[in-house]
1. If you scan the range 35-53, which residues turn out to be exposed (fewer than 10 other Cβ atoms within 10 Å of the Cβ) and either part of a helix (DSSP H, G or I) or under 18 Å from the mean Cα position of the chain (by Cα) (or both)?
2. Which numbered condition trips up residue 32, out of (1) at pLDDT below 90; (2) over 17 Å from the mean Cα position of the chain (by Cα); (3) farther than 29 Å from residue 7 by Cα?
3. Starting from the range 11-27, keep only residues that are closer than 20 Å to residue 59 by Cα, then list their pairs with residues that are surrounded by 10 or more Cβ atoms within 10 Å (Cβ to Cβ) whose Cβ atoms are within a distance under 7 Å, requiring at least 6 positions of separation or different chains.
4. Given the criterion assigned to a helix (DSSP H, G or I) and exposed (fewer than 10 other Cβ atoms within 10 Å of the Cβ), identify the matching residue among 26, 65, 4, 32.
5. Report every pair of residues separated by at least 6 positions or lying on different chains whose Cβ atoms are under 8 Å apart, first residue within the range 43-70 and more than 30 Å from residue 18 (Cα to Cα), second assigned to a helix (DSSP H, G or I).
């Protein structure tokens, strides 16, 4: 493979992954919005503290991954 072909394929893969991650980001934000709306109802029936702690931990990891992705994007572009 020539260098130009490797770059073209790499750019295509990068753009596909970037578009997929934008979709995942939108899903996470919509799920968070739904949980925010339904949380008061769920809290009336169940103790949501353990679930809330796990969700916040997951969200912190998600934010760290987003920051890393932004750094990688700045390097690639």
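The values are calculated or read from the model by the stated rules, or taken from the named source; none is laboratory data. Since the structure is predicted, the reported quantities are computational estimates derived from the model, not experimental observations. Cβ sites come from the backbone with ideal geometry, for glycine too, and all protein chains shown count toward neighbours.
1. 36, 37, 40, 41, 44, 45, 49, 50
2. Evaluating residue 32 over (1) at pLDDT below 90; (2) over 17 Å from the mean Cα position of the chain (by Cα); (3) farther than 29 Å from residue 7 by Cα leaves (2) as the failure.
3. Final answer for the pair search is 21/69.
4. On the way: 26 fails: exposed (fewer than 10 other Cβ atoms within 10 Å of the Cβ); 65 fails: exposed (fewer than 10 other Cβ atoms within 10 Å of the Cβ); 32 fails: exposed (fewer than 10 other Cβ atoms within 10 Å of the Cβ).
Just one listed residue meets the conditions, 4.
5. If the second residue must be assigned to a helix (DSSP H, G or I), the pairs left are 48/39; 48/42.
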